[in-house]
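Here the structure is laid out as structure tokens; the discussion comes afterwards.
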Amino acid sequence: MRPVNVIITEIIRETPTIITLRTDIEPDAAPGQFVMVWVRGLDEIPMALSHPGSITVQSVGKATEALSRLEVGDSIGIRGPFGNGFEVKEKGDREEKEGDGEEDGAGKGNKIMIIAGGVGGAPLLPLALQAHSRDLDVTTLIGARTADELLFEEHFLKCGAISIATDDGSKGHHGFITGAMELFNLAGFDQFYICGPELMMKSVLDILRAAGLEAMAQLSLHRYFKCGIGVCGACTIDPSGLRVCRDGPVLSGDLLIKSELGKYHRDATGKKIMF
Ligand SMILES: Cc1cc2nc3c(=O)[nH]c(=O)nc-3n(C[C@H](O)[C@H](O)[C@H](O)COP(=O)(O)OP(=O)(O)OC[C@H]3O[C@@H](n4cnc5c(N)ncnc54)[C@H](O)[C@@H]3O)c2cc1C
Ligand code: FES
């Protein structure tokens with residue numbers, strides 16, 4: 001697939017390091033799907049869709065810095081949307097499953113917890129909006145280093161309850177987002193949706209596993225993407241060999257708990273980088 005040229009129509013400053021670029025196209029995408037963004041003359045990088053036709057970018061290196069310097073009227077290339085998305089279970093699932101005699105609580109889909117660390121909130125906002133519009137009970141835990149780096153706080157608040165954790169204690173729980181999880185009865189939730197720094201996701205998944213809830217977790221994983229469509233093999237994870245770009249980026253907690261998650265990832269050459 002060749003990139004489609006899109007024009008930047010609006011730039012929103014979300015935090016000191018994160019901006020949202022709105023564009024003149026709105027691809028039909030499920031929450032959690034991503035696009036490959038061609039930054040002319042530099043690189044092509046994966047980005048989640050944070051709203052229809054929008055990407056939310058944290059400046060960490062040459063391509064994201066170049067995206068952060070764009071102005072309204074500039075253009076980028078977009079391929080996609082690609083990958084799978086988060087599975088949002090309908091409210092009616094509870095009655096149907098109870099009717100089927102399913103009593104273990106898994107997969108009812110009425111009450112969901114979203115756990116968003118840093119720019120990981122980008123693929124989770126469309127999920128929160130969709131779940132809220134389907135009348136699900138949404139609770140979002142938002143974590144960041146400092147209060148001014150909290151992403152989409154007001155947007156998530158419109159979808160349900162929120163709980164905040166900051167590393168420096170400038171807002172909400174003082175410490176990691178895992179500390180904020182302790183304020184909740186996790187067994188009372190039907191699904192958990194998680195995206196953020198990998199070590200954060202591993203800690204969250206360990207807590208869910210200790211509670212026997214890992215199969216109810218969906219995590220959006222980051223790996224080095226080259227093709228973005230399952231051809232080159234750059235993004236495979238051990239030991240399953242699944243391609244994160246095509247089989248993910250959303251993968252289930254019971255699969256990831258037995259994987260390389262939180263241990264290592266690979267760089268552009270395929271070399272293992274330990275966390
Ligand atoms: C499915 C997916 C969705 C993403 N969504 C977002 C998002 O919504 N917002 C956001 O700010 N970031 C997102 N990222 C991360 C983003 O792709 C990287 O931060 C970006 O590629 C960094 O490029 P750079 O040139 O600025 O930095 P570099 O200095 O080149 O790289 C910094 C780090 O970013 C990672 N990276 C670099 N190139 C790639 C690549 N081609 N594929 C994957 N990782 C790479 C590597 O870990 C590298 O160490 C997503 C990544 C994936 C896999
Ligand atoms: S990036 Fe090429 S197979 Fe996933």
- prompt: With the stretch 175-275 as the region, which helices (runs of 4 or more DSSP H) entirely inside it contain at least 1 residues that are within 13 Å of ligand 1 (Cβ to nearest atom), touching a residue at least 60 places away in the same chain (Cβ under 8 Å) and closer than 23 Å to F156 by Cα?
  reply: 198-210
query: Take the residues of the stretch 11-64 that are open to solvent by less than 40 Å² (accessible area, probe 1.4 Å) and modelled with pLDDT under 95: which is nearest to ligand 1 (Cβ to nearest atom)?
result: H51
message: Go through the stretch 66-88 and report how many residues are touching a residue at least 12 places away in the same chain (Cβ under 8 Å) and among the basic types (K, R).
response: 1
field: Residues that are open to solvent by less than 50 Å² (accessible area, probe 1.4 Å) and within 23 Å of K226 (Cβ to Cβ), drawn from the stretch 1-10
entry: V6
task: Might you check whether a residue that is more than 23 Å from T146 (Cα to Cα), modelled with pLDDT of 95 or more, within 16 Å of ligand 2 (Cβ to nearest atom) and open to solvent by less than 10 Å² (accessible area, probe 1.4 Å) occurs anywhere in the stretch 260-272?
output: yes
field: Top-ranked residue in the stretch 130-154 [being free of Cβ contacts under 8 Å to residues at least 40 places away in the same chain and open to solvent by 70 Å² or more (accessible area, probe 1.4 Å); ranked as nearest to A180 (Cα to Cα)]
entry: R145
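Residue check: is C159 surrounded by 15 or more Cβ atoms within 10 Å (Cβ to Cβ), free of Cβ contacts under 8 Å to residues at least 40 places away in the same chain and within 16 Å of ligand 2 (Cβ to nearest atom)? Write out each step before concluding.
On the way: surrounded by 15 or more Cβ atoms within 10 Å (Cβ to Cβ): yes; free of Cβ contacts under 8 Å to residues at least 40 places away in the same chain: yes; within 16 Å of ligand 2 (Cβ to nearest atom): no.
Answer is no for this residue.
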field: Subset of the stretch 183-242 that is polar (S, T, N, Q) and open to solvent by 30 Å² or more (accessible area, probe 1.4 Å) - its residue that is nearest to G32 (Cα to Cα)
entry: T236
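The values are calculated or read from the model by the stated rules, or taken from the named source; none is laboratory data. All values reported here derive from a predicted model rather than from experimental measurement. A quick note on method: Cβ atoms are made from the backbone with ideal geometry, for glycine too, and the neighbour counts reach across all protein chains shown. What goes into the accessible areas is simple: the full protein's heavy atoms, side chains included, and nothing from ligands, DNA or RNA. Shrake-Rupley method; radii C 1.70, N 1.55, O 1.52, S 1.80 Å.
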